[in-house]
Each structure stands twice: as structure tokens, then as C-alpha cells.
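Report on one structure; see the data block that follows.
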Amino acid sequence: MDISALEDIGLTKGQIKVYLSLLELGSSKAGVIIEKSGLQSSVVHNCLHSLLDRGLLSYVKKGKIRVYMASDPKHIIDFIDDKKKNFEKILPQLLVKRKLSDEKNEAEVYEGSKGVMVMLLETIEDAEKGDEWLFFAGDIEPYNKEIQDFFKRFDPKRKGKGMLIRGIAPLRLEHLFEDRVRKGFMEMKYNTTPSPPKMSVCNDKVAFFTWGEKPLGYLIHSKQLAEKYKEFFESVWRSI
């Protein structure tokens, strides 16, 4: 079972093991949970307390013994919604602090697949209807489900802004884009000559990135550099 979604909402591996063990057991004493989860006694008790605080467990007392029960998994949605609401309360303050900052980063580095995904979202943060998102596609790994799932979410965001998408990719990658091209979401051209590294340009933002074993991204804020890469993209586009 893929537990990454549970880790993403802030649960530790120990808490996840305890919660899943209780889902399977139905209800149980701490000793049985320890045996089922394979975790140390102290770890299980700490996890039980933290899961109780999050509202993901409940218990009844039978004499002096607590019998624990996992809350309905549907309640995790409520837990996520509460976290979202709490964040939304402070979001205006965070945005004000960002605007008050006199220092604007000219270049930013993003590490890991999630970091690269955040960087790509940043490239369209200020985009408006009619803005272009130009890109060169390199050796995309079609077997990487996380990356493909991200672009399924990223595409509607760009479409929702009314952006115009054009890309250039190696001919061998045509199958990765044909569905979106057929639906009129983007325009693509393909070449058989070496292409630049994976990169995108949108307004005054230029992003370079690689997925691979250690995903890494560089986001550069430069109107001058963005214009140069747009000119380069157009020259390659016309030559194909």
C-alpha cells in the first residue's frame, strides 16, 4: 500500500503503522497493536497519543485498560480541510510579508521532485490570459507516475488561465504529447537533432530542471534572459 498520501498530511511512519493496524484489528489494546505493528512499546504509545490528539483514534475504558479504535478514514478529509482552513487564515499575512520584502530573489534553486513541481507552478503564478508558456522537453521519464500525475494537474491550471502552450520535443517523445495536442491544449513540434536541456519560459521567468535520480530546478527572474530564450525558441520553432 502506498502510504505517501498519509505522509503528505503530516503523519509519521509510526503513526501510519499504528493507524493501519487498528483499521485491520477493529479495536484493540495497546499490547496487541504493538504486536501487530512490530513497533516498540514506547513508539506505539507515543503514536497513540498523537493520533488521539489529531482525532484519528478514539478509545473506551474497560476497567483500567484502554481499548483503542481507528476513526473512519473519511474523517481524514475533515482533518485535511481543518489544516487548509487554518492555513487560509494566515495566508493574507504571509502574502503581505512577501510584498513588504525589498529584496527580490533573482535566482532560486529547488530540490527534489516536489521542489521542481513547486517551481513549475511558480512560473505561471502571475500569468494571465494570452500569456505564452514555451518549453523544450528533454528525456521525460514516462514511467515516473508522480511526474505524469503532476502534469495532469498542471495542465488545467494553465488552461484555466487561458495560457498559450507551445513546446519542442525529441521526436521519440511524440506519444507523450499527442493526446494534449489532439485536444487543442498545446502546439508541439518535434526534432531529431539535440535539444537544449529541459526548460520553460513564461513572461520574465526562465526555468531549467531535470527529473532523474536527483531532481533539481533553477528558476531565474530576468526579463532580459527570458527575451533571449524566447528568441531562441522561436528560431528553433521556425526551423522545424
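Of note:
- Residue check for Ser195: more than 20 Å from Tyr110 (Cβ to Cβ) and either surrounded by fewer than 17 Cβ atoms within 10 Å (Cβ to Cβ) or at pLDDT 85 or above (or both): no
- Look at (1) in contact with a Cys (Cβ under 9 Å, 6 or more places away or on another chain); (2) without any contact (Cβ under 8 Å) to a residue 40 or more places away in the chain and you find that Tyr19 fails only one, number (2).
- Residue pairs meeting the criteria (Cβ under 6 Å; at least 6 apart or on separate chains; first of a type in the set (Val, Ile, Thr), in region 177-199; second surrounded by 13 or more Cβ atoms within 10 Å (Cβ to Cβ)): Val181/Met188
The values are calculated or read from the model by the stated rules, or taken from the named source; none is laboratory data. Owing to the predicted nature of the structure, the values given are computational and were not obtained by experimental measurement. Ideal geometry is used to build each Cβ from the backbone, glycine not excepted, and the neighbour counts take in all protein chains shown.
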